[in-house]
Amino acid sequence: MAKNKTTETNESIVDFINAFVEDETKKKDAFELVKIMQEVSHFKPKMWGPSIIGFGSYHYKYASGHEGDAPLVAFSPRKAAISLYVYTAPEDRDELLAKLGKHKPSKGCIYVQKLADIDIDVLKNMIALSLENLKKLYPSN
């Protein structure tokens, strides 16, 4: 079975943001997201793989036998957009995304250009729900 590429590391979050996020708005937003996610999750930020900043973790195991660890909530300040990794229960997803503001949803994440485009209170609610939902889905964590 393949080994997970996205694992927790001891790399510096500050060094990563300063070295790899060139756009000043995106850099400012990245530091703000660190504060927001840490405040809501009560977890310190950790690098996951080379470019994801995650908070907390859980262990998953699929029916296929594939298992691993993943952050409870995370983001990645990529060049094209900021990827937000928050788990939204299917029954809540459409309503929350409708309130979030300017974004592009995908199956695994939500893309935003800048924090000014979205409602931060809705994002905080989504982070809190993600933590709650993942703790229910993976109660041993």
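The values are calculated or read from the model by the stated rules, or taken from the named source; none is laboratory data. Computed from a prediction, not measured in an experiment: that's the story for all the values here. Cβ: placed from backbone, ideal geometry, glycine included. Neighbour counts: every protein chain shown. Calculation scope for accessible area: heavy atoms of the full protein, side chains included, ligands and nucleic acids excluded. Shrake-Rupley method; radii C 1.70, N 1.55, O 1.52, S 1.80 Å.
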Ranked output for segments 18-29, 108-119 by mean other Cβ atoms within 10 Å, highest leading, reads 108-119, 18-29
Lysine pairs with alpha-carbon atoms under 28 Å apart, region 66-141, spacing 8 or more or separate chains: 23
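So what is Rg over Rh here for region 55-141, counting just Cα atoms and using Kirkwood for Rh?
Ratio of gyration radius to Kirkwood radius: 0.98.
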For the chain, with the dipole built from +1 on Lys and Arg beta-carbon atoms and -1 on Asp and Glu ones, taken about the Cα centre, which of LEU131, HIS66, LEU97 lies farthest toward the positive end? HIS66
Computed over region 6-96, Cα set: Rg, Dmax in Å: 14.0, 43
What the 5 Å binned alpha carbon P(r) of region 93-141 shows, as percent of pairs per bin from 0, is 5, 19, 27, 24, 12, 8, 4, 0
Ignoring ligands and nucleic acids, GLU11 exposes an accessible area, probe 1.4 Å, in Å² to the nearest 10, of 130
When the Karplus curve 6.51 cos²θ - 1.76 cosθ + 1.60 is applied with θ = phi - 60°, which whole-Hz ³J(HN,Hα) does each residue of region 27-34 get, with x for Gly and Pro? 5, 4, 4, 4, 5, 5, 5, 4
What is the spin-label model distance, in nm, from HIS59 to LYS124 if the labels are put 7 Å beyond Cα along the C-beta direction? 3.3
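Over region 34-79, what number does the Rg to Rh ratio reach, with both radii from the alpha-carbon atoms and Rh per Kirkwood?
1.05
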Subtracting the Cα-Cα distance of HIS42 and LYS107 from 0.36 nm times their residue separation yields 20.8 nm
Quick one: accessible surface of HIS103, probe radius 1.4 Å, all protein chains present, in square angstrom to the nearest 10. 50
